[in-house]
Amino acid sequence: MANIASVTLEVDDTTAARHFYSTAFGLDSQVRLRTAQEPTTGFRGFTLSLLVSQPADAKGFFDAALDAGATALKPAEKSMWGYGGVVRAPDGTIWQIATSSKKDTGPATREFDDIVLLLGVADVAATKRFYVEQGMAVARSFGRAYAEFESGDDAVKLSLYRRKALAKVAGVPAEGSGSHRIVVNGDLGPFTDPDGFAWESVSSSALT
């Protein structure tokens, strides 16, 4: 089974970004940082998600992100599928914070269950085939709309969604150009996928 050990976000200010992710989400090894070299505009074609156990946890992370300088794209609230909200971090990365539960089962915690990298792609079926050829196994798939890959318990999970649909979920226009400003650090070796998302081996990633 192929795993994603972490993602590297390319940011303008690594010190400020490191402070945000530590303060807002308590993230360390799963999200790495390095200085951006290429320009970017608009939607970068991906979101990252913190999946938590209950609404109180989601609200806590959402409020902590705002307090640390994030911008709310969608408020934290109940929906048909659970509870959650969307924020844009100061470095421009879009984060979904969500739970499938609609009721709290205990006091709020600063713990999350999973980190999910959701790539917005032009053709879900084609990109899914590409990743299967690289060695990844499909966990769930819904035609040309969505695909989710198997991963280890401590790994960052990978899913595919149509770009326009993902932008709608994030609450932003789908248009964007330039660098994605993210690199995936996994055990599949270096390559670039059909939508321009770059992978690096964990050992060779230039991290800060």
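The values are calculated or read from the model by the stated rules, or taken from the named source; none is laboratory data. In this text the structure is predicted, and so the values were computed from the model without any measurement. Methodologically, a virtual Cβ is constructed for each residue, glycine included, from the backbone with ideal geometry; neighbour enumeration extends over all protein chains shown. The area values use the complete protein model at the heavy-atom level, side chains included, leaving out ligands, DNA and RNA. Shrake-Rupley method; radii C 1.70, N 1.55, O 1.52, S 1.80 Å.
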Selection from the range 54-80 of residues that are under 19 Å from the mean Cα position of the chain (by Cα) and among the small types (Gly, Ala, Ser): Ala58, Gly60, Ala64, Ala65, Ala68, Gly69, Ala70, Ala72, Ala76
Members of the range 86-136 that are part of a loop (DSSP other than H, G, I, E, B), over 18 Å from Asn185 (Cα atoms) and in contact (Cβ under 8 Å) with a residue 60 or more places away in the chain: Ala89, Pro90, Asp91, Gly92, Arg110, Phe112, Asp113, Ala122, Asp123
Given (1) open to solvent by 40 Å² or more (accessible area, probe 1.4 Å); (2) in contact (Cβ under 8 Å) with a residue 24 or more places away in the chain; (3) of a type outside the set (Asp, Glu); (4) not in a helix (DSSP H, G or I), index of the condition Ala139 fails: (2)
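Within the range 142-156, which residues are more than 18 Å from the chain's Cα centre (by Cα) and either hydrophobic (A, V, I, L, M, F, W, C) or open to solvent by less than 40 Å² (accessible area, probe 1.4 Å) (or both)?
Listed by number, the list holds a single entry, Phe142.
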Of all residues making up the range 173-198, the number that are of a type in the set (Phe, Trp, Tyr) and either more than 16 Å from Arg44 (Cα to Cα) or exposed (fewer than 12 other Cβ atoms within 10 Å of the Cβ) (or both): 1
Those strands (runs of 3 or more DSSP E) lying entirely in the range 1-85 with at least 1 residues surrounded by fewer than 18 Cβ atoms within 10 Å (Cβ to Cβ), among the small types (Gly, Ala, Ser) and in contact with a strand residue (DSSP E or B) (Cβ under 8 Å, 6 or more places away or on another chain): 40-42, 71-79
Pair list, Cβ under 6 Å, 6 or more apart: the range 61-72 residue on the phi > 0 side of the Ramachandran plot, other residue open to solvent by 20 Å² or more (accessible area, probe 1.4 Å) and assigned to a loop (DSSP other than H, G, I, E, B): Gly69/Pro90
